[in-house]
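Working notes, structure below.
The values are calculated or read from the model by the stated rules, or taken from the named source; none is laboratory data. Since the structure is predicted, the reported quantities are computational estimates derived from the model, not experimental observations. Note that each Cβ is placed from the backbone with ideal geometry, even for glycine, and that neighbours are counted across all protein chains shown. Accessible surface areas use protein heavy atoms only, side chains included; no ligands, DNA or RNA. Shrake-Rupley method; radii C 1.70, N 1.55, O 1.52, S 1.80 Å.
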Amino acid sequence: MMSVPFVSFLPLEKELDQELKGAFERVFARSWYIEGQELQAFEASFAKYCNTKYCVGTGNGLDALMLALKAMGIGAGDEVIVPSNTYIATALAVTYVGATPVFVEPDIATFNIDPAAIEAKITTRTKAIMPVHLYGQPCDMDPIMAIANKHDLKVVEDCAQAHGATYKGKVVGSFSDAAGFSFYPGKNLGALGDAGAVVTNDQDLAAKIRALGNYGSDYKYHHIYKGHNSRLDEIQAAFLSAKLPHLEKVNENRRHIASRYLSEITNELIRLPFVIADVEPVWHVFAIRCDHRDELAKYLQDNGISTNKHYPIAIHMQECYKDLNIAPGSLPIAETISATQLSIPMYYGMTEQQVSYVIEKINAFSCHG
């Protein structure tokens, strides 16, 4: 029996061993650990990669989203539209600025927010839309931006899982007023700890985000906002700079694995993700759906294949959001996805044999329940 982990960092880290060690030694020798040359270099490189003018490093992806919203002046009494099917950080960013997340159902085939369902949720208190490029598949951005322009709303892209994904030839993160990225170690572009960033084309917004993440300070001991402590450390910036030139190689490898899954998984019990026209996903997660999800997960585990469930409890069903008073059944698509979604192995460096084994075992699955 073959063993296939859900994710492994080892293949890429072995390839980049000397570059990562060199990045550490460079920072250590310079003895400058916060807001230095490494941060400036990475911000410039990542802004260029995202086809944006500015990049501001943050402590993590949640802070990136929160700081972007706060810099836009969104707060108490405001509403922000978010997908009902996403990681909780998307909603928490809205909560942390004092606003209310308003959930819009996804397209069950793509897992991403359904643009056709957005306008019905817009009220006089709506200030922004936060589309999430979930699992590395780009949202349908043209209609989302059209709705935002029609109603004079800000757009903050949640790109935490979509580094390098493109929509109609344009990289995600470059469509909106601002976009938040996470560099959590498991991401396609991952640091060796927590890290994040905001990208934008708005110079004033970038400056405000930077100040808000640095205790509200525009220069030392001068505080213009009641800010936060959320900065991208020099050491993590250095690691990210070492990894960024390899991101396209990583994404292409994931696309290859995904193409095999999409073409070779033929089990009728499995619903494969649907890719909309004119996009290039980066497959941070390869999510399938099965009405017998738990049985499938156990079967795969018994055969040495590790899986994950993203996300088994929808946000509106989480205890921490009971105050929103959203009754079970109110967001049936999100609840259906939560009950049926299973993520199968997807990482840079999976061997062809491992991919074939996963496909073979999934195709051999039959329901006994």
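Remarks
- In the stretch 161-172, residue least open to solvent (accessible area, probe 1.4 Å) [restricted to those that are out of contact with any His (no Cβ under 8 Å at 6 or more places or on another chain), more than 14 Å from Glu248 (Cα to Cα) and part of a loop (DSSP other than H, G, I, E, B)]: Gly169
- Of the listed requirements (1) over 24 Å from Ser338 (Cα atoms); (2) assigned to a strand (DSSP E or B), Ala287 misses just one: (1).
- Qualifying residue in the stretch 190-201 (condition: open to solvent by 10 Å² or more (accessible area, probe 1.4 Å) and either more than 19 Å from the chain's Cα centre (by Cα) or modelled with pLDDT under 95 (or both)): yes
- Residue check, Pro273 open to solvent by 60 Å² or more (accessible area, probe 1.4 Å), farther than 30 Å from Ala207 by Cβ and not β-branched (Val, Ile, Thr): no
- Pair list, Cβ under 6 Å, 6 or more apart: the stretch 12-39 residue open to solvent by 100 Å² or more (accessible area, probe 1.4 Å), other residue not small (Gly, Ala, Ser): Tyr33/Glu234
- Yes/no for Ala207 being free of Cβ contacts under 8 Å to residues at least 60 places away in the same chain, of a type in the set (A, V, I, L, M, F, W, C) and part of a helix (DSSP H, G or I): yes
- Pairs with Cβ under 9 Å, 6+ apart, first in the stretch 301-312 and farther than 15 Å from Trp283 by Cα, second small (Gly, Ala, Ser) and in a loop (DSSP other than H, G, I, E, B): Gly304/Ser3; Ile305/Ser3; Ser306/Ser3
- Odd one out for Ala148 among (1) under 30 Å from Pro5 (Cβ atoms); (2) surrounded by fewer than 24 Cβ atoms within 10 Å (Cβ to Cβ): (1)
- Filter result for Ser338 (touching a helix residue (DSSP H, G or I) at 6+ places or on another chain (Cβ under 8 Å), small (Gly, Ala, Ser) and open to solvent by less than 50 Å² (accessible area, probe 1.4 Å)): yes
- Candidates Ala23, Ala64, Ala29, Ala44 - the one that is touching a Cys at 6+ places or on another chain (Cβ under 8 Å) and of a type in the set (A, V, I, L, M, F, W, C): Ala44
- Unique residue being among the aliphatic types (A, V, I, L, M) and farther than 16 Å from Ala178 by Cβ when the list is Ile88, Ile81, Ile74: Ile88
- Note on the stretch 51-90: among residues that are charged (D, E, K, R) and over 15 Å from the mean Cα position of the chain (by Cα), the one that is farthest from Lys154 (Cα to Cα) is Lys53.
- Residue in the stretch 308-333 that is nearest to Leu262 (Cα to Cα), counting only those that are in contact with a Phe, Trp or Tyr (Cβ under 7 Å, 6 or more places away or on another chain) and open to solvent by less than 40 Å² (accessible area, probe 1.4 Å): Tyr311
- Residue list for the stretch 290-310, filter: in a loop (DSSP other than H, G, I, E, B) and either more than 20 Å from the chain's Cα centre (by Cα) or among the β-branched types (Val, Ile, Thr) (or both): Cys290, Asp291, His292, Asn303, Gly304, Ser306, Thr307
- Test: Ile313 is closer than 24 Å to Asp114 by Cα and in a helix (DSSP H, G or I): no
- The one condition from (1) closer than 30 Å to Glu295 by Cβ; (2) assigned to a helix (DSSP H, G or I) that Phe239 does not meet is (1).
- Pairs with Cβ under 8 Å, 6+ apart, first in the stretch 128-157 and among the aromatic types (Phe, Trp, Tyr), second in a loop (DSSP other than H, G, I, E, B): Tyr135/Phe111; Tyr135/Gln161; Tyr135/Pro273; Tyr135/Pro281; Tyr135/Trp283; Tyr135/His284; Tyr135/Val285; Tyr135/His310
- Of everything in the stretch 65-116 that is part of a helix (DSSP H, G or I) and hydroxyl-bearing (Ser, Thr, Tyr), the residue that is nearest to Ala160 (Cα to Cα) is Thr90.
- Residues in the stretch 277-293 that are open to solvent by less than 90 Å² (accessible area, probe 1.4 Å) and over 22 Å from Tyr347 (Cα atoms): Ala277, His292.
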